[in-house]
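K.L.:
Questions regarding the structure given below will be posed in turn.
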Amino acid sequence: MRRVSIFGATGSIGQNTIDLIARDPEAYDVVALTGASNIEQLASDAIRLRADVAVTADETRLEDLRAALRGHDIKAAAGQAALVEAACRPSDWVMSAIVGAAGLAPGLCALKQGATLALANKESLVCAGQLILSTAKAHDARLLPVDSEHSAVFQALVGEDMAAVERIIITASGGAFRDWPLEKLARATLAEASSHPNWDMGQRITIDSASMFNKALELIETREYFGVTPDQIEVLVHPESMIHAMVGFNDGALMAHVGPPDMRHAIGYALHWPDRRGLPVDRLDLAQIGALTFRAPDERRWPALRLAREVMERGGLSGAVFNAAKETALDAFIAGEIGFPTMAEVVEEVLNDTASSHIDAPMTLDNVHAADQMARQASRDVIEQRAG
Ligand code: NDP
Ligand code: MG
């Protein structure tokens with residue numbers, strides 16, 4: 001039996017992971033499941049999958065979790081330290097699907113105990129790519145991409161030599177506002193930004209798709225994971241979301257990964273890797289789809305892409321600053337404090353004003369955390385100035 005843990009089990013990626021695991025319960029021994037606010041889901045999945053431990057990130061909900069698990073031999077725990085403790089429990093395969101920078105510390109612990117880390121939490125690589133990669137290497141742990149674009153690139157690279165890779169193209173649907181007039185974006189509502197044309201995902205990543213902050217994070221993720229230079233990575237708008245990524249080789253060939261927009265494909269690939277096993281995803285009927293279309297991204301509509309390129313050039317801890325500013329600006333948009341285009345303006349201002357001493361500090365977990373906290377405060381200040 002394979003020991004598996006799912007961090008962020010109550011979210012969109014977590015639930016899709018559980019869907020796959022629950023189809024073959026005899027194959028898996030579930031060690032830890034974690035969530036935050038959704039105690040009912042966390043407890044019912046922990047009971048159904050007979051997990052050893054269930055952890056909520058929210059310390060104020062520990063009693064609720066205990067009550068929901070009463071009568072079952074499952075340990076209940078809460079808070080950041082408990083998340084890290086759960087990540088230190090021996091597991092063979094760990095899904096990292098907490099949303100945001102909060103996923104970094106548990107992911108590092110999972111790598112330190114040698115687990116294979118299936119990484120949906122792209123923020124980890126954006127904030128601390130070199131730390132994640134060096135930790136995996138030092139502990140002989142494997143890192144597998146779950147983001148659909150990166151899983152697609154990973155699959156297109158099987159058996160290939162990285163020296164023959166010229167470029168990596170990641171596609172973007174364009175999100176909710178792909179075809180909106182630019183001047184209308186300032187009036188975009190939360191409900192409008194929270195609906196995705198093709199993918200069914202958590203609210204935060206759905207809004208990040210509309211702003212392309214998600215693609216911006218993925219540009220940085222591509223650079224960190226595959227070790228290519230920024231000018232080797234391209235973003236291509238592809239409204240149908242059928243081709244997830246392409247790898248261009250030195251003989252002119254483009255290897256494209258085509259599949260339905262269902263995260264269970266990328267999750268299942270990481271779960272069964274290096275094998276391919278049957279997965280319950282739709283099979284594409286390309287004749288029925290008829291046409292796949294592509295266009296270049298407009299950086300006036302999506303300034304996040306330009307900002308990501310600046311972050312890649314600057315390196316160091318600028319990814320942690322970028323992500324924290326983005327998360328804070330996103331919170332402010334969700335709370336109705338700022339308009340949709342203001343998110344990118346806040347992030348840009350914080351990036352421009354961050355002293356080099358923060359960016360160039362050595363990449364330790366403490367320094368990443370310090371840069372993250374500094375950027376959150378700086379973002380709050382910018383948001384308050386604008387509101388006032
Ligand atoms: P969701 O918002 O659906 O789920 C997030 C999960 O994290 C939930 O289990 C949530 O708990 C938990 N959580 C929230 N805040 C915290 C915190 N501070 N500490 C610990 N846990 C917390 O997100 P998604 O599933 O959409 O995304 C998860 C990750 O996967 C993100 O990094 C995202 O970028 C990435 N990803 C997602 C894709 C998708 O299709 N959804 C595609 C590719 C990547 P609760 O719900 O109980 O509050
Ligand atoms: Mg993606």
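K.L.:
If contacts are Cα pairs under 8 angstrom and at least 6 residues apart, what is the relative contact order of the range 303-388 in percent?
P.N.:
Contact order relative to length: 40 percent.
K.L.:
Is it possible to state the helix-based mean residue ellipticity at 222 nm for the chain, with each DSSP H run of 4+ residues giving -39500 (n - 2.57), the sum divided by total residues, to the nearest 500 deg cm²/dmol? What is it?
P.N.:
It comes out at -14000 deg cm²/dmol, rounded to the nearest 500.
K.L.:
For the chain, give me the percentage of DSSP beta bridges that are antiparallel, rounded to the nearest 5 percent.
P.N.:
Given both bridge residues lie in the chain, the antiparallel proportion sits at roughly 30 percent.
K.L.:
Same structure again: Report, ordered by chain and residue number, the lysines lying within cross-link reach of LYS215, taken as a straight Cα distance under 25 Å and ignoring same-chain residues fewer than 8 apart.
P.N.:
Leaving aside lysines fewer than 8 places away in the same chain, those within reach of LYS215 are LYS122, LYS184, LYS326.
K.L.:
Rank ARG204, ARG187, ARG309 by mean-square fluctuation in a GNM of the chain with C-alpha springs under 10 angstrom and give only the top-ranked residue.
P.N.:
Result: ARG187 has the largest fluctuation of those listed.
K.L.:
Going out from 0 in 5 Å bins, what whole percent of all Cα-Cα distances in the range 200-241 drops into each bin?
P.N.:
Cα pair-distance distribution for the range 200-241, in percent: 6, 20, 26, 23, 17, 8, 1.
K.L.:
Once Lys and Arg get +1 and Asp and Glu get -1 on their Cβ, which of VAL146, ALA156, ALA82 lies farthest toward the positive end of the dipole of the range 51-178?
P.N.:
ALA82
K.L.:
How big is D for the chain, in µm² s⁻¹ as a whole number, if Stokes-Einstein is applied with the Kirkwood radius of its Cα pairs at 37 °C and 0.692 mPa s?
P.N.:
It comes out at roughly 154 µm²/s.
K.L.:
Got the relative contact order for the chain handy, in percent, Cα pairs under 8 Å and 6 or more residues apart?
P.N.:
Relative CO of the chain lands at 14 percent.
K.L.:
Sticking with this structure for a sec: Can you tell me the relative contact order of the range 188-308? Whole percent, Cα pairs under 8 Å, sequence separation 6 or more.
P.N.:
28 percent
K.L.:
Ok, one more. How much length is gained on full extension from SER195 to ALA256, taking 0.36 nm per residue of separation minus their Cα-Cα distance?
P.N.:
Once the chain is fully extended between SER195 and ALA256, it gains 19.3 nm.
K.L.:
In addition: Whole angstrom only: what separates the Cα centroid of the range 189-259 from the Cα centroid of the range 97-126?
P.N.:
First find each Cα centre; the distance between them is then 20 Å.
K.L.:
Where the only charges are on Cβ atoms (+1 Lys, Arg; -1 Asp, Glu), what is the dipole of the chain about its Cα centre, to the nearest 20 debye?
P.N.:
Its charge dipole is roughly 500 debye.
K.L.:
May I ask for the equivalent-ellipsoid semi-axes of the range 306-354, computed as the square root of five times each C-alpha gyration tensor eigenvalue and listed largest first in whole Å?
P.N.:
Taking √(5λ) for each Cα gyration eigenvalue gives 20, 10, 8 Å.
K.L.:
Dipole magnitude of the range 96-183 about its Cα centre, charges +1 at Lys/Arg Cβ and -1 at Asp/Glu Cβ only, in debye to the nearest 20?
P.N.:
Magnitude of the dipole: close to 360 debye.
K.L.:
How would you order 262-269, 88-95, 362-369 from highest to lowest mean count of nearby Cβ atoms within 10 Å?
P.N.:
So the order, starting with the most tightly packed, is 262-269, 88-95, 362-369.
K.L.:
Are there any GluC sites (Glu not before Pro) in the range 320-388 that are in a DSSP loop and have at most 15 other Cβ atoms within 10 Å? List them by number.
P.N.:
Listed in order of number, the matching sites are GLU337.
K.L.:
If one puts a single equal scatterer on every Cα of the range 123-194 and applies the Debye formula without solvent, what log₁₀ I(q)/I(0) results at q = 0.17 Å⁻¹?
P.N.:
Result of the Debye calculation: -0.88.
K.L.:
Here's something else I'd like to know. What residue among ARG283, ARG167, ARG376 has the largest mean-square fluctuation in a Gaussian network model of the chain, using Cα springs under 10 Å?
P.N.:
Residue with maximal mean-square fluctuation among ARG283, ARG167, ARG376: ARG283.
K.L.:
So, one more: Ranked highest first by average number of other Cβ atoms within 10 Å, how do 173-179, 2-8, 27-33 line up?
P.N.:
Top to bottom by mean Cβ count within 10 Å: 2-8, 27-33, 173-179.
Laboratory data are not the source of any read-out in this text; all were calculated from the coordinates shown. Note that the coordinates shown come from a computational prediction; the quantities given were computed from them, not determined experimentally. Glycine gets a Cβ as well: all are built from the backbone with ideal geometry, and neighbour counts include every protein chain shown.
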